[in-house]
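Reading through the structure tokens given below for one structure.
The values are calculated or read from the model by the stated rules, or taken from the named source; none is laboratory data. Quick caveat: nothing in here was measured; it's all calculated off a predicted structure. Virtual Cβ from ideal backbone geometry, glycine too; neighbours counted across all protein chains shown.
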Amino acid sequence: MDITVVIPLLNEDESLSELEAWIRRVMQKHGFSYEVLMVDDGSTDNSWKVIQGLTELNPNVKGIKFRRNYGKAAALHTGFQDAQGDVVITMDADLQDSPDEIPELYRMIMEDGYDLVSGWKKERHDPLSKTIPTKLYNGVTRLMTGIKLNDMNCGLKAYKNELVKTIEVYGEMHRYIPVIAKWAGFKNIGEKVVQHQARKFGVTKFGSLARFIRGPLDLLSIVFVGRFGKRPMHFFGSIGSIMFVVGFGLFFYLGASKLWSLYNGVVAKNIADISWFYLALTSMLIGTMLFCTGFLAEMVSRNSPHRNAYLIETKIGIKENNHAHH
Ligand code: UDP
Ligand code: MG
């Protein structure tokens, strides 16, 4: 199979028929073998009914229905698990992304050798309350991750099948799939300017809580886990020991100068009356706490079932066994 289109959706019943017809037109025109995986993320409108109808109309359409709303990342992850196409394309259900982009995205993965191609809504048809925060977001993410994408969180993206089977997306992490892919070792990440329309029906499904608070927290988690997930002590331990040493050094200095004044018979301040004392105290305490946190984190990570799950790209001459990997 050439292409799997994964469509996460929450209450989008008005758009689905039009979207399916459009995708079908494009696929037929280019002679792709394909499937469309519609993942209903706990809709409360008629989305699932519409999907059922579409599966009868077009055998290439498949549906997955969540019992409740788990979020876009979960819907994508579930679609990824079932995707059979060589190239997996994700697309929003609200007709903001254009299926006409599919052939070129497919070509970029298959011929230009990209692992992931992210859409770039260069000309965006959304309110300012979305476009300005997004600019900020993309800037911060670029700085934190070194991935040079203009539009990290575009719903329209294309992936090599292998990539989507390797990565794990949850929470608000659909915003940072390129970052996750990079940490998983997929380096060829490209970008394509794509058409973008204003939302035709319904309203946005993301509130500011998701965009401004949960999103950034998930970025921190991704960067932290990517870097230190398998060696947390290096993170906590290094900050902890620096703080401890600084605190201890300050104490030593305060103590030594007090002794020195005593020795010379000079009247000196009580150590506890010098403000540096409190800095030294806090620094040593926090340092010790970070160190202990590091030990705890090591113990947790050592007991994780994934502790030795390294992402292997290929093997030669080794029979596949049932060691856990994903
Ligand atoms: N979506 C989803 N689960 C959610 C929220 C959104 O599956 O909890 C889907 C939504 O139906 C749409 C896509 O994710 O297909 C993008 O959402 P939306 O268009 O509301 O986001 P925006 O374009 O406003 O950023
Ligand atoms: Mg949208």
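Miscellaneous remarks
- Selection status of Leu37, touching a Leu at 6+ places or on another chain (Cβ under 9 Å) and within 18 Å of Thr4 (Cα to Cα): no
- Helices (runs of 4 or more DSSP H) enclosed by the range 128-210 - at least 3 residues per element that are at positive phi, modelled with pLDDT of 90 or more and of a type in the set (Val, Ile, Thr): none
- Residue under evaluation Gly294, criteria (1) part of a loop (DSSP other than H, G, I, E, B); (2) of a type outside the set (Lys, Arg); (3) touching a residue at least 60 places away in the same chain (Cβ under 8 Å), criterion not met: (1)
- Among the residues making up the range 134-173, those that are free of Cβ contacts under 8 Å to residues at least 60 places away in the same chain and within 16 Å of ligand 2 (Cβ to nearest atom) are Thr134, Asp151, Met152, Asn153, Cys154.
- Inter-residue pairs, beta-carbon under 7 Å, first closer than 18 Å to Ala181 by Cβ and in the range 303-320, second β-branched (Val, Ile, Thr) and outside any loop (DSSP other than H, G, I, E, B), 6+ apart: Leu311/Thr166
- Selection within the range 223-238 - buried (at least 16 other Cβ atoms within 10 Å of the Cβ) and outside any loop (DSSP other than H, G, I, E, B): Val223, Phe228, Pro232, Met233, Phe235, Phe236, Gly237
- Residue count for the range 95-108 satisfying the condition of being in contact with a Leu (Cβ under 8 Å, 6 or more places away or on another chain) and either farther than 23 Å from Arg199 by Cα or within 13 Å of ligand 1 (Cβ to nearest atom) (or both): 2.
- Cβ-Cβ distances below 9 Å connect the following pairs, each with a first residue in the range 184-212 that is closer than 16 Å to Thr131 by Cβ, a second residue that is of a type in the set (A, V, I, L, M, F, W, C) and within 10 Å of ligand 1 (Cβ to nearest atom), and a separation of six or more residues or different chains: Val194/Cys154; His196/Cys154; Gln197/Leu95; Arg199/Leu95.
- Annotation note: of Tyr137, Tyr159, the sole residue that is within 15 Å of ligand 1 (Cβ to nearest atom), surrounded by 14 or more Cβ atoms within 10 Å (Cβ to Cβ) and aromatic (Phe, Trp, Tyr) is Tyr137.
- Any hit, the range 262-276, residues being part of a helix (DSSP H, G or I), over 21 Å from Val225 (Cβ atoms) and touching a Phe, Trp or Tyr at 6+ places or on another chain (Cβ under 7 Å): yes
- 1 or more residues in contact (Cβ under 8 Å) with a residue 12 or more places away in the chain and within 30 Å of Glu313 (Cβ to Cβ): qualifying helices (runs of 4 or more DSSP H) within the range 19-123: 72-82, 102-110
- Filter result (more than 16 Å from ligand 1 (Cβ to nearest atom), surrounded by fewer than 15 Cβ atoms within 10 Å (Cβ to Cβ) and within 20 Å of Asp126 (Cα to Cα)) within the range 189-222: Val193
Condition check ((1) among the polar types (S, T, N, Q); (2) at pLDDT 95 or above; (3) under 20 Å from Pro232 (Cα atoms)) across all residues:
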| site | (1), (2), (3) |
| --- | --- |
| Gly265 | no, no, no |
| Lys269 | no, no, no |
| Ser275 | yes, no, no |
| Leu285 | no, yes, yes |
| Met289 | no, yes, yes |
| Glu298 | no, no, yes |
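- Subset of the range 63-106 that is of a type in the set (Val, Ile, Thr) and touching a Phe, Trp or Tyr at 6+ places or on another chain (Cβ under 6 Å) - its residue that is nearest to ligand 2 (Cβ to nearest atom): Val88
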